[in-house]
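These notes concern the structure reproduced below.
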């Protein structure tokens, strides 16, 4: 074959990709089930999302939702923690319980031939947890030590400080899901029992799943194990205030750091109250990808960092925008200045070439977002959290295509706010202080939770 | 298992490039995965980290691909891409919509055959700086980030190909010259030192033509030397203490074991799982669950072309001395040696390994990389079933035997101690 290496090969004819069908049913007890059949492997993956995540943690009880999730599978229906985990392990099934800002999630990945046996154990954990004192105390000590351990990790600390600062203190998303040491120390087993009986209900839960079984067969199995779940709960209303202040530097002094961990960001309007697709493309151009402006500048042009990225982090009822990177001490100020100037620049709009590139990569990548069972249940979880219609996926490509550069510019001016972006640094104060003053920004020292010292 | 029997075609181009094709049309995607048979084990003293730095340079463009455009072209086509370096090999991979296969072949062949003319000192200096920052971020500024390097340095004698970490030493990273990088390319990045896997939605004949078109004319260059190794074992325990900026002390134990795909290799995986792979595994139950003197514990067999090691790592709860943890670990090792393991433990471990094999078949990138891995170590790509069957035949006595054979030998004990004064 003849070859001209100078010329980039073009892709061949359009590909056809059929989105898998989303199937949905609500059981009599109110549990909503959303399912995608995928036949590739004899595998089923599911995630029961109970809307009782850490956003419901009251003041003084930060960490309650997480600890509840940690004790839930430590004993149920007379089975001990070890018997439960041996049960799943012997089936070759992976079962985890965790808590995030929105939900407590019970996740299962299993060979479909072991689905029933796995659900038998799963339903005991969900419906008949023992909440024994012994298990509670052990898990409490475990999370306390975990928090101590995480305080060593600069990225965890920087993220926690940023999230605390960008939201007002009445906004539940300002607080870390794992909670605070001093609050957890005061939690009692009765707090957990009360939380469980007050918050676990099929009416505030969604089960998202993907597997090789037919939908009808899957539903039959689910009904066998979840029909008896009949608790009802009261809804709690929360407030979600955003806060916008003048930009400042917040410094957590981590002595002997050889790098500065940097976060620059501000709160943002929630996903459903601003058009999603301009925002998606805007972030792809600014900092969402390897080839985005921020990474090309800080990494490929300046060599300051291993990587620098931006992101809109969407909660159900709030959001925040941030840039993250870590750089050596001597490049800290330059990196910060570069990030702020990238945030300024994008407000002037983007080039047609940038927009076409971002559209092309997002549109053509779309089919591969449905490759694995994990990706599929992840997409369904996003649909649940943000109440997306099924047409969201079917019209995704058209919606990306139709965004104009004017819309991107407007989104940048509405949503990228460098004058209000806080800069959080976790690094060695002695090595940074003098150079940070050259930014002209106020420098405020905070503790590792983000509280002003 | 039928699921793990993957049809493939394998052949060699005249220039020595090995090609492996696997057709799977379940999604309109294709994975392109190249292994170069060079990793950090092939580096020289004073030039550690060069293989990994080189991996970075491969994304900096080639004769017909300007800097940054490698990433851009793949992303523009809706693809994802990356590369990784370990002791034994360096891989490069991309997954794209299958109608863009030719783009990937153009890019991969351009940097395999036409790389040097595009290499500049400016690009090298930029990536040296990026890699130095990578090292700072992922090792020096990470809690316990230097432990791996310390274990390797003490377990293997100076000059052994596994005696330094793949990232390399910071001083070495700063000192690579343009000539180092050029030489590294000439010796290692030659078609007869590489294998190309293409897996996914492909037409076999058309794909072969494309491979021929893009890779066929690349000329092989210098032949590399294999690193010289002697079978080395430490003859007495080596105990080291390292102060770190951490809250909790952590214990690392490392023993010499056997190389990858030797007889004892899977049995050591099973032993590791029985010791620490689940909540009710032996060390987890005692250290983390019953006595609560550890926050976590893990054990694993790490094996490659030039050696193997077994490691146990455990983080102490606040105020607990590492000696207590150490004693229990050796108690449990003794128990396995003297009394073996139970049937139900073995069944649990085997079921877990089998299921995780099946789960791992979800991703095309993983399948392509496995085909290359089996071909690299076993000279046969379709070894999925063989790999899994290695575990089936292991019995209780085998586990006790490998435990005795390896874990009663001298070891390296690294104690990472908190430098916090208020302890």
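Throughout, read-outs are computed from the coordinates displayed, never taken from laboratory work. Because the structure is a prediction, the values reported are computed rather than measured. FYI the Cβ positions are ideal-geometry reconstructions off the backbone, even for glycines, and counts take in every protein chain you see.
Panel order for A:423, B:403, by other beta carbons found within 10 Å of each beta carbon, from fewest to most: A:423, B:403. For chain A, the Kirkwood hydrodynamic radius from C-alpha pairs, put into Stokes-Einstein at 37 °C and a viscosity of 0.692 mPa s, yields a diffusion coefficient of 136 µm² per second. Which residue, B:96, B:243, B:17, tops the fluctuation ranking in a GNM of chain B built on C-alpha contacts under 10 Å? Answer for the Gaussian network model of chain B: B:243. Volume per residue for the stretch B:1-118 equals 131 cubic angstrom (convex hull of Cα atoms). Principal-axis analysis of the Cα atoms of chain B puts helix B:396-407 at an angle of about 90° to the longest axis.
Averaged over the residues of B:73-82, the number of partner chain Cβ atoms lying within 10 Å of the residue Cβ comes to 6. Taking label points 7 Å from Cα along the Cα-to-Cβ direction, residue A:447 and residue B:385 give a separation of 6.2 nm. Percentage of Cα-Cα pair distances in the stretch B:2-215 greater than 24 Å, rounded to whole percent? Percentage above 24 Å: 46. For chain B, take the longest principal axis of its alpha carbons; what is the angle in degrees between that and the long axis of helix B:264-276, to the nearest 10 within 0 to 90? It is inclined by approximately 60 degrees.
Neighbour counts of C-beta atoms inside 10 Å place B:311, A:2 in the sequence A:2, B:311, starting with the fewest. With contacts taken as Cα pairs under 8 Å and at least 6 residues apart, the stretch A:22-226 reaches a relative contact order of 39 percent.
Largest first, the extents of the alpha carbon coordinates of the stretch B:238-418 on the three principal axes equal 50, 36, 31 Å. In summary, the convex hull built on the alpha carbon positions of the stretch A:331-433 has an orientation-averaged projected area of 9.7 nm².
Distance from the C-alpha centroid of the stretch B:116-171 to that of the stretch A:142-158: 26 Å, rounded to the whole angstrom.
Volume per residue for the stretch A:216-294 equals 327 cubic angstrom (convex hull of Cα atoms).
A Cα-only calculation for the stretch A:22-226 places Rg and Dmax at 17.8, 49 Å. Separation of the stretch B:329-394 and the stretch A:185-217, taken as the distance between their Cα centroids, equals 33 angstrom. For a paramagnetic label modelled on residue A:168 (point 7 Å from Cα along Cα→Cβ), amide N atoms under 17 Å away belong, within the stretch A:42-72, to A:59.
Across chain B, counting alpha-carbon atoms alone, Rg and Dmax equal 23.0, 69 Å. Take the Cα of residue A:242, step 7 Å toward its Cβ, do the same at residue B:158, and the gap between the two points is 6.1 nm. Under the criterion of Cα pairs below 8 Å and six or more residues apart, the relative contact order for chain B equals 22 percent. When the label point is put 7 Å from the Cα of residue B:228 along its Cα-to-beta-carbon vector, which residues of the stretch B:33-54 have a backbone N closer than 14 Å? Counting only backbone N, you get B:45.
As a test of the formula, what do you get for chain A when each DSSP H run with n ≥ 4 contributes -39,500 (n - 2.57) and the sum is divided by the residue count, at 222 nm and rounded to the nearest 500 deg cm²/dmol? Value at 222 nm, helices only: -11500 deg cm²/dmol.
Between the Cα long axis of helix B:204-215 and the first principal axis of chain B there is an angle of about 80°, rounded to the nearest 10.
Distance from the Cα centre of the stretch A:7-80 to that of the stretch A:281-356, in angstrom? Cα centres, the stretch A:7-80 to the stretch A:281-356: 30 Å.
The Kirkwood radius of the protein assembly as shown, taken over pairs of alpha-carbon atoms, gives through the Stokes-Einstein law at 20 °C and 1.002 mPa s a diffusion coefficient of 74 µm² s⁻¹. Modelled spin labels at residue A:392 and residue A:374, positioned 7 Å past Cα toward Cβ, are 2.1 nm from each other.
Orientation-averaged projection of the stretch A:105-198 equals 8.5 nm² [convex hull of Cα atoms, one quarter of hull surface area]. For the stretch A:249-445, treating each Cα as an identical point scatterer without solvent, what Debye log10 I(q)/I(0) comes out at q = 0.16 1/Å? The Debye formula, applied to the Cα set alone, gives -1.05. Only helices enter this figure: runs of n ≥ 4 DSSP H residues, each worth -39500 (n - 2.57), summed and divided by the residues of chain B, yield -12000 deg cm²/dmol at 222 nm to the nearest 500.
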